[in-house]
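Down below is the structure, laid out as structure tokens.
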């Protein structure tokens, strides 16, 4: 008997069906939560491996730098002469000046022929050096991190940052799904939170594109140092910010969740107590999200510090700061501003929800003065016990910790990378 060919799934549907069967057998639906740790580790490992392979394939081991660096500036030549006292290279344009600046090479190892590290054997009896010697050949593809240890730290910090962001992405995406399901949030509220997140990230993007700054990726590409394609570093940093968008989105979703908690509260003791627990849970979720976000951003600031130190360790230009340290300070300031913009409005909205709950309790207490609710009486002792479970009103010490977390990117930008490297070594 022939099968009805019209009821057979097409090739695409059959493949998706088989994939679903395999996933269900490997990860049974009832045991999905037990595999969450595996998913987090897998995401972190994947981000780490992809970034490491991309960086390693673009490392520039041997560096050959010119003796002079020609800086071409367009504009009024008379104005240029006030700021530069260097030989002017003849140009054919009246509005263009070109200056020859001396390049100071801090670390240099180039060519295919590797240097020798020699160690002579000594005669212990006479103290004289023996004629034969031992030589250790170091090839140029093994020299990058020896001549520039700051770049090694930059790579490790960047890989750590990628691992943190990749591992946090599924965790906070799951929290978003749970928050929407528990508080019955609408799709428009989710879209609004996502829009707020990308608006804040847009602020960072616009600040980076400010004119008047010679960006580090242009230094790397034009001088052919560290990596052969600076887009690898830029894309890694961009991917990190995309991976932490669920954290910021979750923080913005706390506001509508708190509003739903106080708006739909049941006018009973059990309803009030449940609303108080929900507000405290949202407060803890908001604070934890801020801590994780600040950790990721601190690593981003550290990466920028060590990128600057890596470039300066290769070469400097006499009389011209090719990568000012103030750029790192500004980067840290903007990231602290980013944390404040995400956290502070939601925090005060959460406090407003607490005040709304307090007003609801006062109204219910006045309405039930002459009679008792089925689940008990609303007295002052009960009110204090309910409000005592919510830790939104911070103490002075809590405010200090909060300010330290928000300002941690700015404080990290002031850490001298060279001194940290010397301390580690």
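The values are calculated or read from the model by the stated rules, or taken from the named source; none is laboratory data. It should be emphasised that the depicted structure is a prediction, and the values quoted were computed from it without experimental measurement. Cβ atoms come from the backbone with ideal geometry, glycine included; neighbour counts cover every protein chain shown.
Can you tell me which of 60, 71 is closer than 14 Å to residue 155 by Cβ, in contact with a strand residue (DSSP E or B) (Cβ under 7 Å, 6 or more places away or on another chain) and either modelled with pLDDT under 85 or not assigned by TED's automatic domain parsing to the domain that holds residue 317 (or both)?
60
Can you spot a residue in region 198-214 that is over 26 Å from residue 306 (Cβ atoms) and modelled with pLDDT of 90 or more?
Within region 198-214, one or more residues are over 26 Å from residue 306 (Cβ atoms) and modelled with pLDDT of 90 or more.
Is there any pair linking a residue in region 36-49 that is outside the structural domain of residue 174 (by TED's automatic domain parsing) to one that is at pLDDT 95 or above and surrounded by fewer than 13 Cβ atoms within 10 Å (Cβ to Cβ), with Cβ under 6 Å and at least six apart or on different chains, and which?
Note: no pairs meet the criteria.
For region 340-360, state whether one or more residues are surrounded by 16 or more Cβ atoms within 10 Å (Cβ to Cβ) and under 24 Å from residue 145 (Cα atoms).
no
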